[in-house]
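Asker: Below you'll find the structure I mean.
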Amino acid sequence: MSTTVTKKSEHIAQQILHDVFGYHSFRMGQQAIINAITQQRDAVIIMPTGSGKSLCYQIPALMMDGITLVVSPLISLMKDQVDQLKACGVSAATLNSTVDRECQLAIFDDCRSNKLKLLYISPERLMMNSFIQQLKNWKIAFIAIDEAHCISQWGHDFRPEYSTLGTVKNHFQHLPIVALTATADSATRLDIIQQLNLNDPFIQISSFDRPNIHYQLQEKFKPFEQLYRYIRQQRGKSGIVYCNSRNKVEETVERLKRRGISVASYHAGMDITQRTCIQDAFLRDDIQIVVATVAFGMGINKPNVRFVVHFDIPRNIESYYQETGRAGRDGLDAQAVLFYDPADMVWLRRCLEAKPDNALKLIEQHKLNAMHAFAEAQTCRRLVVLNYFGENRQQPCNNCDICLDPPKQYDGLIDAQKALSCVYRLGQRFGIGYVTEVLRGANNQRIREFGHEQLSVYGIGKDKSHEHWVSVLRQLIHLGFLSQNIVQHSALQLTNSARSVLRGEVSVKLAEPRIMNSKNANIAASKGFISQYDKLLFAKLRKLRKSIADDENIPPYVVFNDATLLEMAKYQPVQPSEMLSINGVGHRKLERFGAPFLKLIRQHLIEPRSNINLM
């Protein structure tokens with residue numbers, strides 16, 4: 001494509017971003033993704049939750065002729081996306097089991113007449129023979145597959161219904177397919193490409209970092225009392241609490257209700273009517289807390305969730321990352337708290353051991369080990385997550401419990417060199433347990449069979465305990481000097497960064513093991529992503545938003561999200577042109593909602609300050 005055509009396309013995309021969605025500039029990587037899609041290339045997009053992933057296919061859908069199909073596994077997420085698109089004036093719809101026949105027929109008519117721009121569907125719907133035949137009579141721009149990690153056996157949430165999506169190319173060979181997910185390691189990414197039969201796809205891997213989220217672990221002492229005290233400290237902020245079983249969800253909700261907390265359950269054992277009712281109440285801020293099962297998930301695009309609590313440890317880092325990513329989607333400060341008891345890990349291992357021995361079990365074992373390592377990490381928790389996904393970093397975040405309440409550190413260069421040398425001498429083919437045995441000079445049959453007692457690294461760490469070397473190896477993984485190859489049974493392998501350590505060119509600070517420290521980490525102080533705003537005005541704007549949302553029968557954030565209200569409270573626009581300079585205010589939203597907000601801001605600026613009851 002010529003430079004002139006590309007520039008014209010970028011200008012159109014920028015105009016849609018501003019006029020329809022109300023944002024003034026693209027985030028890093030979004031423009032390149034949009035260019036690739038509008039050039040009709042297959043694509044694999046890895047972007048964290050809350051980073052603007054949806055815009056990457058929604059804007060091309062508005063630029064290109066025809067209908068964009070969006071495949072999603074969650075009815076709730078489909079509805080949420082469609083509601084927000086309609087609020088911005090975009091023609092969008094969803095086909096799922098909750099849509100009655102009359103509405104389905106109307107949607108089909110809109111598709112045949114090319115009136116619809118985005119249609120959200122399930123993977124099962126897309127692969128129905130009757131629906132495939134319908135598609136051949138419609139003008140399809142491209143297919144976007146959300147939560148694409150579900151198609152891969154290496155992904156944390158493999159779903160059989162997703163595995164059939166690879167045959168789409170058989171029916172529509174020249175139709176671009178865009179796969180999107182927030183969580184995919186290198187093995188999962190390669191599998192997505194192969195399973196979907198993508199042709200030379202454009203690949204965008206954005207940073208997995210969510211700097212506004214404060215990561216914190218609390219060791220369980222009196223779990224419910226700890227949870228209750230934490231929720232009380234949140235002063236009415238929206239939050240999600242995850243538990244590993246339905247019974248735990250129900251028990252937790254009942255106990256919180258008896259303490260006067262605004263809370264409701266959400267799990268697969270409830271009927272669709274109950275779940276929909278609770279979801280809508282949560283979206284509209286009528287319920288403060290939702291307690292949900294980790295296995296079922298929420299799938300809710302609610303931007304003002306201020307905290308996510310894992311009352312039980314998740315089974316893998318991908319789930320943990322995705323679930324904590326539901327906090328702070330508006331970019332404002334948020335917290336992710338994990339309550340941890342080593343006994344919970346024992347229970348998860350027993351559950352895993354009960355499964356049949358196969359390749360999938362080995363994958364789950366690798367992922368559970370990584371989650372265990374995260375829970376007992378002695379290094380910055382954000383680094384653990386980022387390096388797990390292959391985003392090699394060594395600089396701590398200063399926004400997690402480890403950074404703010406650090407364990408005792410020591411000069412770990414020699415230990416690091418010993419550990420890395422051992423991995424290298426073993427051919428980078430063995431996992432943590434075996435490397436530790438060689439370092440400590442263990443005398444067992446396996447080592448003798450391989451002849452590894454003859455290596456120069458055999459026994460060089462016998463002066464330190466087993467726990468010490470396991471901790472060192474985990475820290476070297478978390479610091480990005482080692483990686484674990486999931487395809488090769490979690491074998492430790494050196495990264496490019498390890499060379500400078502082996503040569504002694506850099507210093508390496510390691511933490512002394514702190515396995516059972518019962519001291520709770522301090523909550524991070526606010527980092528002030530938006531500071532110096534009028535807090536009284538912000539409270540008034542939120543109250544107005546809730547009133548409008550209730551009248552319109554929509555969630556408050558569909559009117560404007562918290563980040564947009566904070567900008568209003570900071571810059572205090574009083575004219576429509578000034579309001580359009582606020583992120584999140586497009587022409588359609590200004591026309592639909594702008595007048596009462598402008599009126600309130602003008603009144604606020606001229607009235608005397610007083611103690612107004614805003615509750």
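Asker: Identify, please: which residue in the range 66-94 is touching a Lys or Arg at 6+ places or on another chain (Cβ under 7 Å), aliphatic (A, V, I, L, M) and assigned to a strand (DSSP E or B) and is, among those, farthest from LEU17 (Cα to Cα)?
Answerer: My answer is ILE67.
Asker: ILE45 is checked against (1) closer than 21 Å to PHE172 by Cβ; (2) over 16 Å from the mean Cα position of the chain (by Cα) and fails just one. What number does that condition carry?
Answerer: Looking at each condition in turn, ILE45 falls short on (2).
Asker: Shifting gears a bit: For MET371, only one of the following conditions fails: (1) open to solvent by less than 10 Å² (accessible area, probe 1.4 Å); (2) touching a residue at least 60 places away in the same chain (Cβ under 8 Å). What is its number?
Answerer: For MET371, the failing item is (2).
Asker: Just to be sure, is SER152 open to solvent by 10 Å² or more (accessible area, probe 1.4 Å), under 25 Å from the mean Cα position of the chain (by Cα) and not aromatic (Phe, Trp, Tyr)? Give the steps one after another, and end with the answer.
Answerer: Details: open to solvent by 10 Å² or more (accessible area, probe 1.4 Å): no; under 25 Å from the mean Cα position of the chain (by Cα): yes; not aromatic (Phe, Trp, Tyr): yes.
Spelling it out, it is not the case that SER152 is open to solvent by 10 Å² or more (accessible area, probe 1.4 Å), under 25 Å from the mean Cα position of the chain (by Cα) and not aromatic (Phe, Trp, Tyr).
Asker: Conditions: (1) buried (at least 21 other Cβ atoms within 10 Å of the Cβ); (2) more than 19 Å from the chain's Cα centre (by Cα). VAL346 meets all but one. Number of the miss?
Answerer: Among (1) buried (at least 21 other Cβ atoms within 10 Å of the Cβ); (2) more than 19 Å from the chain's Cα centre (by Cα), the lone unmet condition for VAL346 is (1).
Asker: Within the range 310-322, work out how many residues are open to solvent by 10 Å² or more (accessible area, probe 1.4 Å), closer than 17 Å to LYS248 by Cβ and out of contact with any Cys (no Cβ under 9 Å at 6 or more places or on another chain).
Answerer: The total comes to 1.
Asker: Conditions: (1) closer than 22 Å to ARG326 by Cβ; (2) in contact with a strand residue (DSSP E or B) (Cβ under 7 Å, 6 or more places away or on another chain); (3) open to solvent by 20 Å² or more (accessible area, probe 1.4 Å). CYS56 meets all but one. Number of the miss?
Answerer: Only one criterion in (1) closer than 22 Å to ARG326 by Cβ; (2) in contact with a strand residue (DSSP E or B) (Cβ under 7 Å, 6 or more places away or on another chain); (3) open to solvent by 20 Å² or more (accessible area, probe 1.4 Å) is unmet by CYS56, namely (3).
Asker: Of all the strands (runs of 3 or more DSSP E) wholly in the range 151-268, which have at least 2 residues that are within 30 Å of THR38 (Cβ to Cβ)?
Answerer: Of the strands (runs of 3 or more DSSP E) lying wholly inside the range 151-268, those with at least 2 residues that are within 30 Å of THR38 (Cβ to Cβ) span 177-181, 202-205.
Asker: Show the residue pairs that are 6+ apart or on different chains and have beta-carbon atoms under 7 Å apart, the first residue being within the range 428-447 and acidic (Asp, Glu), the second being open to solvent by less than 10 Å² (accessible area, probe 1.4 Å) and assigned to a helix (DSSP H, G or I).
Answerer: The qualifying pairs are GLU437/ILE447.
Asker: Would a scan of the range 326-337 turn up a residue that is at pLDDT below 90, under 20 Å from the mean Cα position of the chain (by Cα) and under 19 Å from CYS243 (Cβ atoms)?
Answerer: Yes, the range 326-337 has at least one match.
Asker: Is it the case that THR94 is among the hydroxyl-bearing types (Ser, Thr, Tyr) and crowded, with 20+ Cβ neighbours inside 10 Å?
Answerer: Details: among the hydroxyl-bearing types (Ser, Thr, Tyr): yes; crowded, with 20+ Cβ neighbours inside 10 Å: yes.
Against the criterion (among the hydroxyl-bearing types (Ser, Thr, Tyr) and crowded, with 20+ Cβ neighbours inside 10 Å), THR94 qualifies.
Asker: Looking at (1) assigned to a helix (DSSP H, G or I); (2) surrounded by 21 or more Cβ atoms within 10 Å (Cβ to Cβ), which is the one condition that is false for THR273?
Answerer: It fails just one condition, (2).
Asker: Sort out which residues of the range 420-434 are out of contact with any His (no Cβ under 9 Å at 6 or more places or on another chain) and of a type in the set (A, V, I, L, M), and write them in order of number.
Answerer: Listed by number, the residues that qualify are LEU420, VAL423, ILE432.
Asker: So which pairs qualify, if the first residue must be in the range 101-127 and polar (S, T, N, Q), the second must be open to solvent by less than 40 Å² (accessible area, probe 1.4 Å) and not in a loop (DSSP other than H, G, I, E, B), the Cβ gap must be under 9 Å, and the two must be at least 6 apart or on different chains?
Answerer: Note: pairs meeting the criteria are GLN104/LEU95; ASN114/ILE67; SER122/VAL71; SER122/MET78; SER122/LEU95.
Asker: Of all the residues that make up the range 233-246, how many are out of contact with any Lys or Arg (no Cβ under 8 Å at 6 or more places or on another chain), surrounded by 12 or more Cβ atoms within 10 Å (Cβ to Cβ) and modelled with pLDDT of 90 or more?
Answerer: Matching residues across the range 233-246 total 4.
Asker: Would you say PHE307 is of a type in the set (Phe, Trp, Tyr) and more than 21 Å from LEU386 (Cα to Cα)?
Answerer: Details: of a type in the set (Phe, Trp, Tyr): yes; more than 21 Å from LEU386 (Cα to Cα): no.
So PHE307 does not fit the description; no.
Asker: From ASP333, ASP341, grab the single residue that is touching a residue at least 40 places away in the same chain (Cβ under 8 Å), surrounded by 17 or more Cβ atoms within 10 Å (Cβ to Cβ) and of a type in the set (Asp, Glu).
Answerer: None of the other options fit; the residue is ASP333.
Asker: Pick from the range 349-398 the residues that are more than 20 Å from the chain's Cα centre (by Cα) and of a type in the set (Asp, Glu): which of them is farthest from VAL487 (Cα to Cα)?
Answerer: Result: GLU376.
Asker: Okay, next question. With respect to the numbered conditions (1) within 22 Å of ARG329 (Cβ to Cβ); (2) free of Cβ contacts under 8 Å to residues at least 40 places away in the same chain, which one is the sole condition not fulfilled by GLN572?
Answerer: (1)
Asker: Turning to a different aspect of this structure: Only one of these is open to solvent by less than 10 Å² (accessible area, probe 1.4 Å) and either free of Cβ contacts under 8 Å to residues at least 60 places away in the same chain or touching a strand residue (DSSP E or B) at 6+ places or on another chain (Cβ under 6 Å) (or both): GLN194, GLN173, GLN216, GLN204. Name it.
Answerer: Of GLN194, GLN173, GLN216, GLN204, the one residue that is open to solvent by less than 10 Å² (accessible area, probe 1.4 Å) and either free of Cβ contacts under 8 Å to residues at least 60 places away in the same chain or touching a strand residue (DSSP E or B) at 6+ places or on another chain (Cβ under 6 Å) (or both) is GLN216.
The values are calculated or read from the model by the stated rules, or taken from the named source; none is laboratory data. Here the structure is a predicted model, which means the values were calculated and not measured. In this analysis, Cβ positions are derived from the backbone assuming ideal geometry, glycine residues included, and neighbour counts consider all displayed protein chains. Note: accessible area is taken over every heavy atom of the protein model, side chains too, but ligands, DNA and RNA are not part of it. Shrake-Rupley method; radii C 1.70, N 1.55, O 1.52, S 1.80 Å.
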